[in-house]
Amino acid sequence: MELTAEQEEALNGQIERAQALMQGVKASHAKEDNIEPLAYKKLSVLAKEPPLQWLIERFIPEEGLCVAFGANSSFKTFAVIDMVLCSAAGKDFHGYKTKQAHTLYILSEGKGDIVDRVRAWCIGNNVDFGSLDNKIIFITTPAPLDNKDTVSRIIKTANNILASGDLPSLEIVVVDTVNRNLLGDENSTQAMASYVAGADRIREALRTATIHLHHTGHGENVRSRGSSALPAAADSECAVIRSTSKGKNGLKIKKDDVMLYITKLRSGKEGAELNLYAEEVIVDPEDLRTSRYLVDRPVEDKNVTEAEDIVLSPKDELLVHIYHMVDPPNAIKDIHINGVPAKTIYSRVYALKKDRMLTDKMVITRKGKDRLKELMVLTARECTEGQ
């Protein structure tokens, strides 16, 4: 049976389409042959790998994605500075073990007083300020993690820092804050997923942990603001909560008590908390400029009564009050005690608070009274030697 010209044309078209389909199948198979398969490990192999390691026990796992969040002025930057400097200096973090680590800190807000904050930490922890120069480095411009090019620049900058020897190694990258380092809307799941992808690229390329400072949701202090994509991806999450009290006009008054509370821990039990206090210290003896650092909240001596506080001599009481003055630059600049500048006494009396000899309620312990007498003797001796 002979085909008409139209039938033959239709048949040839079908044959061509079938041939093209076969060619596509062959090309697909060839492409699949060139794909690199994913690596896999048997359970017995995984069991031989070392367990999770901590840079800061219960807070920062090695190469983990970590979030620290809190309301405005909740001391969250102070808390993270405390974490990374304790780790840098090889000091325990308020009773939790640390592993020495070096930090690249992306500081997109609060640049003006970061040096004073580090100085305050050094004074309170008896660490030489200069010794931290090759342990922490700052990037002081925004670096959006939801932008692929910017993430590449962060990775290249970190590698340049390591190549130059400015840091001997790098274990932590801090992003302060999420909002200042995000181009998209923090309420957008897509934008926050891109941010997390950027953080993952940094962690994988540099083999570091990342710590992301974030704000709380409106009227909440138990969850971070915006999309849940970030906390869902976190290996650990810590709430930084500052205590408040209610004033006579009903407005909240911020206090200096700070609590760090683990709200999520992928490898372990959440719920661990630290009760801290934002201690004020003079960081510049010339103009008496002050800053804060976090210390364990003082435990009051239950054996001390209010009556014992009254027996302090007027001279001793003045020393105690010098320590607690709200505005030291104006209040003690021109005051002298036995010929010794009050700012010298200020730094000595500070030791009473640090050693739990002076409580928050202006009550001095028995040990504190004995130490105060020693300070007065030392002051008198210095005055005599200076004459």
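Going by what's in this entry, would S243 be described as at pLDDT 80 or above, assigned by TED's automatic domain parsing to the domain that holds A229 and not in a strand (DSSP E or B)?
No, not satisfied.
For segment 51-85, name all the residues that are in a strand (DSSP E or B), β-branched (V, I, T) and under 13 Å from D176 (Cβ atoms).
Scanning segment 51-85 gives a single hit, V67.
Condition test on A120, is it in the same structural domain as Y195 (by TED's automatic domain parsing), part of a helix (DSSP H, G or I), of a type in the set (G, A, S) and touching a residue at least 12 places away in the same chain (Cβ under 8 Å)?
Yes.
Being assigned to a loop (DSSP other than H, G, I, E, B) and touching a helix residue (DSSP H, G or I) at 6+ places or on another chain (Cβ under 8 Å) is the filter here; which residues of segment 189-224 pass it?
If the condition is that a residue be assigned to a loop (DSSP other than H, G, I, E, B) and touching a helix residue (DSSP H, G or I) at 6+ places or on another chain (Cβ under 8 Å), then T208, R223 are the ones that fit.
Can you confirm whether A143 is more than 14 Å from the chain's Cα centre (by Cα), surrounded by 15 or more Cβ atoms within 10 Å (Cβ to Cβ), part of a loop (DSSP other than H, G, I, E, B) and modelled with pLDDT of 95 or more?
yes
Return yes or no: is V67 assigned by TED's automatic domain parsing to the domain that holds T210, within 26 Å of Q190 (Cβ to Cβ) and crowded, with 23+ Cβ neighbours inside 10 Å?
Yes: the conditions hold for V67.
Kindly indicate which of K91, K48 is closer than 27 Å to D200 by Cα, among the charged types (D, E, K, R) and outside any helix (DSSP H, G or I).
The unique qualifying residue is K48.
Sort through L276, L288 and tell me the only one that's within 25 Å of I56 (Cα to Cα) and modelled with pLDDT of 50 or more.
L276
May I ask you to verify whether V173 is assigned by TED's automatic domain parsing to the domain that holds G130, modelled with pLDDT under 95 and not small (G, A, S)?
Against the criterion (assigned by TED's automatic domain parsing to the domain that holds G130, modelled with pLDDT under 95 and not small (G, A, S)), V173 does not qualify.
Which numbered condition trips up D116, out of (1) under 24 Å from E63 (Cα atoms); (2) out of contact with any helix residue (DSSP H, G or I) (no Cβ under 9 Å at 6 or more places or on another chain)?
Status for D116: all satisfied but (1).
In this structure, is K135 within 16 Å of the chain's Cα centre (by Cα) and either within 21 Å of F59 (Cβ to Cβ) or in contact (Cβ under 8 Å) with a residue 12 or more places away in the chain (or both)?
It is true that K135 is within 16 Å of the chain's Cα centre (by Cα) and either within 21 Å of F59 (Cβ to Cβ) or in contact (Cβ under 8 Å) with a residue 12 or more places away in the chain (or both).
What's the total number of residues in segment 1-13 that are surrounded by 10 or more Cβ atoms within 10 Å (Cβ to Cβ) and part of a helix (DSSP H, G or I)?
The total comes to 7.
The values are calculated or read from the model by the stated rules, or taken from the named source; none is laboratory data. Computed from a predicted model, the values in this text were never measured in an experiment. Virtual Cβ from ideal backbone geometry, glycine too; neighbours counted across all protein chains shown.
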